[in-house]
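The values are calculated or read from the model by the stated rules, or taken from the named source; none is laboratory data. Treat the numbers as computed from the prediction; the structure is a model and nothing was measured. Reconstructed Cβ throughout: ideal geometry from the backbone, glycine too, with neighbour counts over all protein chains shown. Only protein heavy atoms, including side chains, enter the accessible area calculation; ligands, DNA and RNA are left aside. Shrake-Rupley method; radii C 1.70, N 1.55, O 1.52, S 1.80 Å.
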Amino acid sequence: MTDSQEKTISMAQPGLVDRLKRIDQLESELTRKGAAILGKAVDLTHADFFIFGALRRTLAQARGFRDLIEARNFPCAAAILRLQIDTAMRINALSLVDDPDATCKAVLDGEQFNRLKDRDGNKMSDAYLREKLASDHAWISPVYERTSDFVHLSGRHFEVSIARTDDETRTAYFQISGHDPQRPDETYFEAVDTFFEATKLAGMLMLACLTARHQPEVVLASMKKDDL
């Protein structure tokens, strides 16, 4: 392979450090845009406080995910990916009810989300909220199902403890440690890229809610532009 070919491959395939940096940059962007909207907002309501908490959770989980990948702790990182999708599901649920403020007040008062109903009378269980979000983002369901295995003790934890195998002797070697067995960086690419998309989706939904609530003129201008 020539130096030119190696350079082309390197440019086309960012490494693990660059992929994690994308998440870090996304965190900064969400912080900046969220602060810009809320900083000018007046008459904050229960929905605003709920979204603010969701934004805080999203940023905290993003930072935690990056730290866990850098520490080579994939089981915990995968569980946080599931939690990030969970945040997106609940923010998306605000579009399924007629009175988001009443829904958010109920949650802030301690009501379980899965006991609440949408405008059509459907209980907003995790399964239902996942189905609604997946109707626009098909990748959500398979990722949610795979990462759920890391939230609950399952066979996934057995699989990721295998350090290596020897086909000739039919022997498997296990690593009992808080760190992943030694693996190439490429092993983490899919999880990191998916986490970026989940964080981007959650952030997009939150910013859209805040913009619609506090900057309706921006939404109206965007709609008029789309009609041109």
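The table below gives the values:
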quantity	calculated
Checking residue 111 against (1) part of a helix (DSSP H, G or I); (2) open to solvent by 20 Å² or more (accessible area, probe 1.4 Å); (3) modelled with pLDDT of 95 or more, the condition it does not meet	(1)
Selection from region 64-81 of residues that are among the basic types (Lys, Arg) and modelled with pLDDT under 95	72
Cross-chain or 6+ apart pairs with Cβ under 9 Å, region 120-149 first and closer than 19 Å to residue 80 by Cα, then part of a loop (DSSP other than H, G, I, E, B)	148/154
Residue in region 105-112 that is without any contact (Cβ under 8 Å) to a residue 60 or more places away in the chain, in contact with a Ser or Thr (Cβ under 6 Å, 6 or more places away or on another chain), more than 21 Å from residue 197 (Cα to Cα) and of a type outside the set (Phe, Trp, Tyr) present	no
Subset tally (residues that are open to solvent by 40 Å² or more (accessible area, probe 1.4 Å), more than 18 Å from the chain's Cα centre (by Cα) and among the acidic types (Asp, Glu)) for region 34-69	1
Count of residues meeting criterion [out of contact with any helix residue (DSSP H, G or I) (no Cβ under 8 Å at 6 or more places or on another chain) and either among the small types (Gly, Ala, Ser) or at pLDDT 95 or above (or both)] in region 137-160	2
Hits in region 15-41 (condition: outside any helix (DSSP H, G or I) and in contact with a helix residue (DSSP H, G or I) (Cβ under 8 Å, 6 or more places away or on another chain))	15, 40, 41
Any hit, region 58-71, residues being under 28 Å from residue 216 (Cβ atoms), in a helix (DSSP H, G or I) and not charged (D, E, K, R)	yes
Subset of region 72-103 [in a helix (DSSP H, G or I) and in contact with a Gly (Cβ under 7 Å, 6 or more places away or on another chain)]	80
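Quick grid of which residues meet (1) modelled with pLDDT under 95; (2) open to solvent by less than 60 Å² (accessible area, probe 1.4 Å):
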| residue | (1), (2) |
| --- | --- |
| 87 | no, yes |
| 95 | no, no |
| 162 | yes, yes |
| 167 | yes, no |
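Yes or no, residue by residue, for (1) under 19 Å from residue 209 (Cβ atoms); (2) not polar (S, T, N, Q):
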site	(1), (2)
25	no, no
39	yes, yes
67	no, yes
78	no, yes
102	yes, yes
108	yes, yes
